[in-house]
Amino acid sequence: MHTEVKSVHHVHVFARPTPRRDHGPRIIRSLRRNRRRQTRIVRKATHGTNDVNDDDAKEEEESYEKFVHKITTPRVKFGTKIHRTLHHHAFSKHKSYAYQWQAFCARSERYDYRDVVSEEAETFLSAFHFKLEDGCKRFERDVKTGKAAKDWDAASANHPTLGLVAIVASWKATVEAVCGKPWLFEDEEEEE
């Protein structure tokens, strides 16, 4: 299975794999099986791979499996409609989230921001929430290390309703209210 990343104005939308009805154990097994199949095909095509290529392939496969596990964990833990639930909560209470969602949909140029009930919406919301949380974590990390002053625009970061500070606060408040924890997609290092 080939996972391609399409970059649209600094927003990465994962085109594949397209999840099925749920991100449960069945889809995880399917994604792993397809990934192993692809790895075998690549190995056959290269004829006589050496240990370095095998190590790279194993590292890539492990990295991919970690990503799949990370992005599917919320649906396994909180149910298959967790992203729609988070979206309804955040969209109705936080203007900064609503603007980010509309901008994300506009940048993708293929999704109507008003469609939040279909199964495709759950998948698209999952990608949006993953990118939103990743950006929030990067911003918080840069604030802690002092890199935020040079890497982020201060005027836009401190805007009361649309700034990065407001976006981080709205996302964390939503996840805390719905899930009872500060982040939806937690790293394994953070959990330990």
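The values are calculated or read from the model by the stated rules, or taken from the named source; none is laboratory data. Just so it is clear, the structure is predicted and the values come from calculations on it, not from any experiment. Neighbour counts are summed over all protein chains in view; Cβ atoms, including those assigned to glycine, are modelled from backbone coordinates with ideal geometry.
Brief remarks follow.
Residues checked against (1) under 17 Å from the mean Cα position of the chain (by Cα); (2) part of a helix (DSSP H, G or I); (3) at pLDDT below 90:
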{"site": "ARG75", "(1), (2), (3)": "yes, yes, yes"}
{"site": "HIS89", "(1), (2), (3)": "no, yes, no"}
{"site": "ALA106", "(1), (2), (3)": "no, yes, yes"}
{"site": "ASP112", "(1), (2), (3)": "no, no, yes"}
{"site": "ALA127", "(1), (2), (3)": "yes, yes, yes"}
{"site": "PHE130", "(1), (2), (3)": "yes, yes, no"}
{"site": "LYS144", "(1), (2), (3)": "no, yes, yes"}
{"site": "LYS150", "(1), (2), (3)": "no, yes, yes"}
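- Restricted to the range 153-164, and to residues there that are without any contact (Cβ under 8 Å) to a residue 60 or more places away in the chain and either of a type in the set (S, T, N, Q) or surrounded by 17 or more Cβ atoms within 10 Å (Cβ to Cβ) (or both), the residue that is nearest to TYR97 (Cα to Cα) is LEU164.
- Selection count, the range 152-190, where residues are at pLDDT 85 or above, in contact with a helix residue (DSSP H, G or I) (Cβ under 8 Å, 6 or more places away or on another chain) and assigned to a loop (DSSP other than H, G, I, E, B): 5
- One residue alone among GLU120, GLU140, GLU133, GLU109 is under 24 Å from HIS69 (Cα atoms) and in contact (Cβ under 8 Å) with a residue 40 or more places away in the chain, and that residue is GLU133.
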